[in-house]
Amino acid sequence: MSVDYKRELQALIELTVSEKASDLHFSVGAHPLIRVTNSLIPLVKKPILTEADINAFAKILLREDQYARYLEFNEIDFSFESADGVRFRGNSFYQRGRMGIALRLIPNVIRNFEELNLPPILESFTQRPQGFFLCVGPVGQGKSTTLAAMINMINKTRSEHIVTIEDPIEYVYQEEKALIDQREVGIDTKSFEVALTAALRQDVDVILVGEMRNTETISAAVTAAETGHLVYSTLHTNDAAQTINRIVDSFPAAQQAQVRVQLASSLIGIFSQRLIPHISGGLVPAYELLINNNAVSNLIRENRIHEIPSVIETGLEQGMIDMNRCLVRMVQNGDITIENAFSHSVNPKGLERLL
């Protein structure tokens with residue numbers, strides 16, 4: 001009996017949405033799996049997947065040119081929108097010589113800061129005329145969602161030109177006051193750095209760079225921020241100090257002093273976040289926020305990055321917060337367990353002193 005893979009995929013998508021799952025996984029020899037509040041759950045009522053099943057799903061999820069690249073390079077990032085408008089960010093790959101697919105659900109509605117339990121001070125970083133703002137953290141910690149909320153706030157409040165450069169496009173914005181051009185790497189542009197350079201000739205006010213994957217992209221983003229644009233981007237780093245070191249260290253030694261000077265003047269803030277299980281269900285963000293003031297700027301310029309955590313700890317009145325203080329506040333408010341606070345702290349001994 002032949003399988004109607006389009007109908008089966010649609011049924012799995014509907015199940016992912018109805019169960020409020022964040023991800024859908026296809027792996028040979030296993031039932032389809034969904035991730036709900038950080039736990040993978042096998043859909044045991046669905047048949048165990050074969051290579052032929054996953055290949056059939058891949059042909060539906062990918063365009064012909066993407067499918068050809070997948071077979072050639074063994075992995076590909078993509079976005080997919082179902083017939084009823086449900087969007088996913090996906091990656092098709094091979095493991096042990098067999099196909100696999102991971103799909104991340106992208107909500108159609110872009111939630112605001114309050115709905116995402118994000119600090120209201122983030123709004124101030126949407127009102128800057130120019131500068132460089134980074135949202136950092138490991139994979140799957142809500143960085144894209146936070147930046148989408150910030151971009152959408154600008155969209156709702158200012159008549160400006162916003163260009164997003166993504167691989168693939170995740171959130172799709174409904175234009176309100178702003179003009180929004182969304183460019184996908186591999187379809188609308190060759191690369192992040194090419195699109196960034198082009199954006200400077202497109203009368204742009206705000207630029208979202210989905211990810212800074214190489215030195216060229218980082219350099220172009222910093223330059224764009226220096227030349228009068230508001231630039232948002234992400235990095236897979238753990239905190240503000242590590243982020244600054246990662247940016248500087250990505251350049252040859254001879255260029256690093258100049259990069260520190262550029263970063264000292266263009267950086268406006270670094271927001272590091274983790275998603276932690278809420279006591280009553282769901283996930284809530286814990287975060288660290290660095291705001292670039294004169295003290296921080298001097299530390300960056302003088303290569304005293306290791307002192308930045310101390311500045312964050314003492315910058316509470318200016319709106320800064322370190323991860324441990326945020327975790328303590330969440331424990332005291334009854335949002336998360338002490339166990340989860342310790343498991344997500346990068347400095348458990350410091351957390352113990354605060355508790």
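Things to note:
- For region 115-184, a/c is not less than 1.5, where a ≥ b ≥ c are the root eigenvalues of the C-alpha gyration tensor, and a/b does not top b/c. That puts it in the oblate class.
- Amide N of region 331-350 lying under 15 Å from the label point, which is placed 7 angstrom from the Cα of Glu313 along Cα→Cβ: 346-350
- Note on the chain: Cα-Cα pairs beyond 26 Å make up 54% of the total pair count.
- Each Lys or Arg adds one and each Asp or Glu subtracts one; over the other residues with Cβ under 12 Å from the Cβ of Ala56, this totals -1.
- Whichever lysines have a C-alpha closer than 27 Å to that of Lys6, once near sequence neighbours (fewer than 8 apart) are set aside: Lys20, Lys45, Lys46, Lys59
- Selected from Ala253, Ala286, Ala220 as most flexible by GNM, with the chain as the system and alpha-carbon contacts under 10 Å: Ala253
- The chain, relative contact order [Cα under 8 Å, separation at least 6], %: 12
- Value of relative contact order over region 5-106, rounded to a whole percent, pairs C-alpha under 8 Å and six or more apart: 25
- Taking amide H atoms as placed 1.01 Å from N in the peptide plane, the amide H of Val284 lies under 5 Å from those of Ile276, His278, each 5 or more residues away in sequence or on another chain.
- Most fluctuating residue given options Glu51, Glu193, Glu72, as computed from a GNM of the chain linking Cα atoms under 10 Å: Glu72
- Each residue of region 231-246 was assigned a 3J(HN,Hα) from its phi angle through the Karplus expression (A = 6.51, B = -1.76, C = 1.60, θ = phi - 60°), giving 10, 10, 7, 10, 9, 8, 10, 8, 7, 5, 4, 4, 4, 5, 4, 4 Hz with x at Gly and Pro.
- Cα centroid separation - region 5-44 against region 73-90, whole Å: 14
- Two-decimal Rg to Rh for region 120-321 - Kirkwood Rh, Cα set: 0.95
- Calculated SAXS-style log₁₀ I(q)/I(0) at q = 0.13, 0.19, 0.23 Å⁻¹ - region 5-106, Debye, Cα scatterers: -0.41, -0.91, -1.36
- Choice from Asn152, Asn112, Asn74 showing the highest fluctuation, given a GNM over the chain with Cα pairs closer than 10 Å: Asn74
- Here the sum of -39500 (n - 2.57) over DSSP H runs of 4 or more residues, divided by the residues of the chain, equals -11000 deg cm²/dmol at 222 nm, to the nearest 500.
- A cut-off under 11 angstrom between Cβ atoms defines the neighbours of Gln202, and their net charge, with Lys, Arg +1 and Asp, Glu -1, is -1.
- Local electrostatic count, Leu103, Cβ distance below 11 Å [Lys/Arg +1, Asp/Glu -1]: +3
- The alpha-carbon positions of region 1-45 define a convex hull whose volume is 81 Å³ per residue.
Taken together, the values in this text are just the output of simple stated rules run on the coordinates, not laboratory data. Just so we're clear, the structure is a prediction, and the values are computed from it rather than from any experiment. A quick note on method: Cβ atoms are made from the backbone with ideal geometry, for glycine too, and the neighbour counts reach across all protein chains shown.
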